[in-house]
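Just below is one structure, and these are the notes that go with it.
The values are calculated or read from the model by the stated rules, or taken from the named source; none is laboratory data. Everything quoted here is computed from the prediction, not taken from an experiment. Quick reminder, even Gly has a Cβ in these numbers, built from the backbone with ideal geometry, and neighbours come from all protein chains shown. What goes into the accessible areas is simple: the full protein's heavy atoms, side chains included, and nothing from ligands, DNA or RNA. Shrake-Rupley method; radii C 1.70, N 1.55, O 1.52, S 1.80 Å.
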Amino acid sequence: MMLGVYMADEEKAWEAMESDTKIVVETVLPKTLFIDREGNFGWECYTAWDDDYIGVLLSDDKPYLMVCEKLRNYAHEEKVKDDVLGIVFLCYMGFENIVVARLADDVYTLPLVISSYDKVITDKIREAYVTYLMMRGTLWDKMKDKMLDYYLLIYDDIKEYMDIPKSLRKGKVSKDNVLEMVEFTKLFISTDARIAWLAESPTDEEDGLGFEFTSGEIKLIGQPEII
């Protein structure tokens, strides 16, 4: 599972596992086994990349990730099991769960939020998630390019009110460090099945940024355009 995250390609991950190549990745470390009265069970696992925990449900047809609270209360949670999205839980916006994603050299556990006011998972929503699965290996480099273009475009304006670190000043900033100012918050699918990584950034503290890739091409937008 974690090798698939690191390589962003499940087929390549299986090929690597079946080869003689030695591979070392940060993984989930089982800590507490949970079993409920209905027969659901799984592990609460320590995640080294963020010094935190996630739940891994094991009593279904394959492992499913979720926050530990959802695992502990699994039998009573309102949820949907979808062939594409896996297990997602009902929330006020529609559905939610988590994704474990590798962005550059770092691994993150981040929310997946699907906006669906009628609580229906449509084929368009599934297609948006499949786009993410297909593009996750190339998204990072494309996001760096878009962020650098955006940053240089607004640099002369933001330098008047932002305390810009030396490494991010014009002439030193590059696509390899420009995303240091961005904090990713969630993978978001809108009601009309647009999909984007949402992030907070000091360049737009009021609204935040969105890296939309619905069409297969990255667009840097303000979050109000998609939420």
On a straight-distance basis, which lysines could pair with Lys81 in a cross-link, Cα separation under 17 angstrom, same-chain partners fewer than 8 positions away excluded? Lys62, Lys70, Lys119, Lys124
At R0 = 22 Å the Cβ-Cβ FRET efficiency linking Cys91 and Lys142, nearest 0.05, sits at 0.15
Does anyone have the angle between helix 139-158 and the longest principal axis of the chain? Alpha-carbon axes, 0 to 90°, nearest 10? 40
Based on Cβ point charges of +1 for Lys and Arg and -1 for Asp and Glu, what charge dipole magnitude is obtained for the chain about its Cα centre, in debye rounded to the nearest 20? 200
Determine the share of the chain's accessible area contributed by carbon and sulfur atoms, expressed in whole percent, with a 1.4 angstrom probe. 48
Distribution of pairwise C-alpha distances over the chain, 5 Å bins, in %: 1, 6, 13, 16, 17, 16, 13, 9, 5, 3, 1, 0, 0
Inter-label distance, nm, simple model (7 Å from Cα along the C-beta direction), Glu205/Lys119: 3.9
Give me the three principal axis extents of the range 101-141 from the C-alpha atoms, as integers in angstrom, largest value leading. 38, 19, 10
Please state, to two decimals, what the Cα-based radius of gyration of the range 79-159 comes to when divided by 2.2 N^0.38 Å (N = residues). 1.39
Segment Lys159-Glu69, length gained on full extension (0.36 nm per residue, minus Cα span): 28.1 nm
Residue-normalised accessible area of the range 158-227, given per residue in Å² at a 1.4 Å probe: 52
How large is the direction-averaged shadow of the alpha-carbon convex hull of the range 92-220, in nm²? 8.3
Please sort by residue number the trypsin sites (Lys or Arg not before Pro) in the range 163-214 whose DSSP state is loop and whose Cβ has at most 12 other Cβ atoms within 10 Å. Arg169, Lys170, Lys172
Starting from the Cα of Ser167, step 7 Å along the direction of its Cβ; do the same at Thr27; then give the gap between the two resulting points in nm. 3.1
Paramagnetic label zone (point 7 Å from Cα along Cα-to-C-beta, Asn177; backbone N under 13 Å) in the range 127-165: 164-165
